[in-house]
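The values are calculated or read from the model by the stated rules, or taken from the named source; none is laboratory data. None of the values given here were measured: they were computed from a predicted structure. Cβ atoms come from the backbone with ideal geometry, glycine included; neighbour counts cover every protein chain shown. Keep in mind that these areas ignore ligands, DNA and RNA; they rest on the heavy atoms of the full protein, side chains included. Shrake-Rupley method; radii C 1.70, N 1.55, O 1.52, S 1.80 Å.
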2 protein chains.
Amino acid sequence: MKILGIDPGSRATGYGIIEVAKGRLNFVCCGVIRVAAKQSFPERLLEIHQGIAEVIEIHRPNRVAIEEVFMARNPSSALKLGHARGVLVLAAMQRKLPLAEYTPRQIKQAVAGYGNADKAQIQHMVKAILALAKSPSHDAADALAVAICHANHFQTGLVAG
Amino acid sequence: MKILGIDPGSRATGYGIIEVAKGRLNFVCCGVIRVAAKQSFPERLLEIHQGIAEVIEIHRPNRVAIEEVFMARNPSSALKLGHARGVLVLAAMQRKLPLAEYTPRQIKQAVAGYGNADKAQIQHMVKAILALAKSPSHDAADALAVAICHANHFQTGLVAG
């Protein structure tokens, strides 16, 4: 089973793929879809959608897990994030991939053992869990954390395989 | 010139197409993309995207105009609307169609002459401007109003043709 984890963002969207085999989690790849700030917002949406569609096309995950949008202090940035998340969710649906959604709290809990872990702790734990030689960037680590969170839910039987 | 106007919604998305020829606005078609409430939200996004892509495919507009999202009192519904609007904007960008965005105030101003016009007035004015035999539904009328607003901006030279 190959899981694609997504950390949505209107400027930078992290993605990370892990493989679950014999109860072990193996790192496949990770990265960040960055869109140029000089582009119009509609152009950015197109790029985000194309970027994640390409990742799906190349790596063929069986499942997708995406972070739920936290209610931002700034409603206008939550709205932008909603647009970006919309095209990311769409890309998974267009491929008929089962989609799971987790809150930031659930993801932190799954990876670091408590729901208020900070970004550096997530980075550290993702590196340790996947036995990586070096830490992925914040956005990529967050995406891998979403994928790990989803894998845990399978292993504990919380999600039907 | 054929303009597609879109009134985005996470449950019902209105669309309306008008043709601008020799300074006249002619009605082409209008309708509403309704998604079943029993569907999951990701499934709805897929249907909204497919629905508008089909309208574009069939009617081949040259330009698209879409309503900007007002800051809803309820942040969670603004977020849902953002997701829906994201996949609608994406559909226009995937077809390389020039996209314009107008606030509800600008649209009401263009169609009814003042920015606080209510839905019934918009319906009435859209029917009159396009010489329709009967009133379109609220959502379809709002979408036609966006298209009319965009056409006006062309005619007054506010948008480069």
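As a quick test, which of the pairs B:Lys22/B:Lys134; A:Lys22/A:Lys134; B:Lys2/B:Lys80; A:Lys2/A:Lys108; A:Lys96/B:Lys127 have an alpha carbon distance above 32 angstrom in this structure?
On the way: B:Lys22/B:Lys134 24 Å; A:Lys22/A:Lys134 24 Å; B:Lys2/B:Lys80 29 Å; A:Lys2/A:Lys108 21 Å; A:Lys96/B:Lys127 41 Å.
Over 32 Å apart, Cα to Cα: A:Lys96/B:Lys127.
Shown for the range A:89-109: residues covered by the partner protein chains by 40 Å² or more of accessible area relative to the chain by itself (probe radius 1.4 Å), namely A:Leu90, A:Met93. If contacts are Cα pairs under 8 angstrom and at least 6 residues apart, what is the relative contact order of chain A in percent? Relative contact order comes out at 31 percent.
The magnitude of the dipole of chain A, with charges of +1 and -1 set on the Cβ of Lys/Arg and Asp/Glu and taken from the Cα centre, is near 120 debye.
Give me the dipole magnitude in Debye, nearest 20, for the range A:22-63 about the Cα centre, with unit charges on the beta carbon: positive for Lys and Arg, negative for Asp and Glu. Intermediate results must be reported in sequence, preceding the final value.
Details: 7 positive and 4 negative charges, 65 e Å.
Dipole about the Cα centre, nearest 20: 320 debye.
3J(HN,Hα) couplings calculated from phi for the range A:26-39 with the Karplus curve 6.51 cos²θ - 1.76 cosθ + 1.60 (θ = phi - 60°) are, in sequence order, 10, 6, 10, 6, 7, x, 9, 8, 9, 10, 5, 5, 6, 6 Hz; Gly and Pro show x. The angle between the Cα long axis of helix A:138-155 and the main principal axis of chain A comes to about 50°, on a 0 to 90 degree scale.
With its label point defined 7 Å out from Cα along the Cα-to-Cβ axis, B:Asn26 lies at 6.3 nm from the matching points of the other copies, in increasing order.
If you take the charge dipole of chain B about its Cα centre, with +1 on Lys and Arg Cβ and -1 on Asp and Glu Cβ, which of B:Leu130, B:Gly5, B:Gln106 is farthest toward its positive end? Looking along the dipole axis, the top candidate is B:Leu130. Give me the distance in nm between label points sitting 7 Å out from Cα along the Cα-to-Cβ direction at A:Cys29 and A:Leu97, one decimal. With each label point 7 Å from Cα toward Cβ, the separation is 1.2 nm.
Each Cα pair under 8 Å and six or more residues apart adds its separation to the average, and for the range B:66-161 the resulting relative contact order is 23 percent. Cα convex hull, chain A: 110 Å³ per residue, rounded to a whole number.
Any idea what angle helix B:75-94 forms with the longest principal axis of chain B, computed on alpha-carbon atoms, 0 to 90 degrees, nearest 10? That helix lies at roughly 60 degrees to the long axis.
Between the helical axis of B:41-59 and the longest alpha-carbon principal axis of chain B there is an angle of about 30 degrees.
Taken as Cα centroids, the range B:102-152 and the range A:70-120 sit 36 Å apart, rounded to the nearest whole angstrom. Positive-end ranking of A:Ile56, A:Phe154, A:Phe41 along the dipole of the range A:2-155, with charges on Cβ about the Cα centre, is headed by A:Phe154. The modelled label-to-label distance between B:Tyr114 and A:Met1, using points 7 Å beyond Cα along the C-beta direction, is 6.1 nm. Here A:Ser76 and A:Ala21 are evaluated by their C-beta separation; at R0 = 35 Å the FRET efficiency comes out at 0.20.
Sorting the segments A:144-155, B:39-50 by their residues' average number of neighbouring beta-carbon atoms within 10 angstrom, most packed first, yields A:144-155, B:39-50. Estimated translational diffusion coefficient (Stokes-Einstein, Kirkwood radius over Cα pairs, 25 °C, 0.890 mPa s) of the protein assembly as shown: 118 µm² per second. Summing Lys and Arg as +1 and Asp and Glu as -1 over all other residues whose Cβ lies under 13 Å from the Cβ of A:Val111 gives a net charge of 0. Averaged per residue, chain A has 46 square angstrom of accessible surface, using a 1.4 angstrom probe with ligands and nucleic acids left out. Couplings 3J(HN,Hα) of the range A:102-108, computed from phi: 10, 6, x, 5, 4, 5, 4 Hz, in residue order, whole Hz [Karplus 6.51 cos²θ - 1.76 cosθ + 1.60, θ = phi - 60°; x for Gly and Pro].
Remark: label point of B:His59 defined 7 Å out from Cα along the Cα-Cβ vector; separations to the same position in other copies 3.9 nm, ascending. Given Cα pairs under 8 Å that are at least 6 residues apart, what percent is the relative contact order of the range A:101-152? Answer for the range A:101-152 is 36 percent. Pop the C-beta distance of A:His59 and B:Asn62 into the FRET formula with R0 = 35 Å and round what comes out to the nearest 0.05. In this case the efficiency is close to 0.40. Solvent-accessible area assigned to carbon and sulfur over the protein assembly as shown amounts to 51 percent, based on a 1.4 Å probe.
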